[in-house]
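Since the structure comes first, as structure tokens, the remarks are kept for the end.
Here, each number is a calculation from the coordinates, and none is a lab measurement. Please read these numbers as outputs of a predicted model, since none were measured by experiment. Cβ placement follows ideal geometry from the backbone for every residue including glycine, while neighbour counts extend to all protein chains displayed.
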Ligand code: DQA
């Protein structure tokens, strides 16, 4: 089973960026642990601060991946282009957020991703990604 994880802008700075909100763990270490925990899953990880690169990766993986976890970060609240890319591909996309965006500023309450995502997981720290993997495993078994 193939799962892709996409992290958007500024998530390369996890572990040092606004640690009171996002925690002090970096994603690379967390990802190494994920690969051990879910050793039967073939993961691809992509992080970019550039909107078009995220769209290109969705196009590249969106017809072969069994599921995509997408934390579009700030692009969540702005990107029609990423939303259109999700509509254009076949793989189910789960919207992921580390923080509970609804308990934060108003501009974070609007998501262009939510209406086109299979589901949304937010507010559980890095564990949001694990919950996302579990949901893709369930979709894979059921469909
Ligand atoms: C985020 C929430 C977004 O509002 C923010 O711009 C991020 C991270 C999260 O994972 O909580 O960069 O997507």
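Odds and ends about this structure:
- Close pairs from the range 112-137: first closer than 24 Å to residue 88 by Cβ and touching a residue at least 40 places away in the same chain (Cβ under 8 Å), partner within 10 Å of the ligand (Cβ to nearest atom) and in a helix (DSSP H, G or I), Cβ under 8 Å, at least 6 apart: 113/76
- Beta carbons closer than 8 Å, at least 6 apart along the sequence or on distinct chains, pair a first residue in the range 91-103 that is over 26 Å from residue 65 (Cα atoms) with a second that is part of a helix (DSSP H, G or I) and within 13 Å of the ligand (Cβ to nearest atom) for 101/76; 101/108; 102/108.
- Residue 78 meets each of the listed conditions (1) within 11 Å of the ligand (Cβ to nearest atom); (2) touching a strand residue (DSSP E or B) at 6+ places or on another chain (Cβ under 8 Å) apart from (2).
Every residue, every condition in (1) assigned to a loop (DSSP other than H, G, I, E, B); (2) within 16 Å of the ligand (Cβ to nearest atom); (3) on the phi < 0 side of the Ramachandran plot, yes or no:
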site	(1), (2), (3)
9	yes, yes, yes
12	no, yes, yes
33	no, no, yes
56	no, no, yes
65	yes, no, yes
91	yes, no, yes
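Yes or no, residue by residue, for (1) touching a residue at least 40 places away in the same chain (Cβ under 8 Å); (2) in contact with a helix residue (DSSP H, G or I) (Cβ under 7 Å, 6 or more places away or on another chain); (3) more than 15 Å from residue 73 (Cα to Cα):
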{"position": "10", "(1), (2), (3)": "yes, yes, no"}
{"position": "20", "(1), (2), (3)": "no, no, yes"}
{"position": "38", "(1), (2), (3)": "yes, yes, yes"}
{"position": "43", "(1), (2), (3)": "yes, yes, yes"}
{"position": "46", "(1), (2), (3)": "yes, yes, no"}
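- Filtering the range 22-36 to residues that are surrounded by 14 or more Cβ atoms within 10 Å (Cβ to Cβ) and either free of Cβ contacts under 8 Å to residues at least 24 places away in the same chain or out of contact with any strand residue (DSSP E or B) (no Cβ under 8 Å at 6 or more places or on another chain) (or both) leaves 22, 23, 25, 26, 30.
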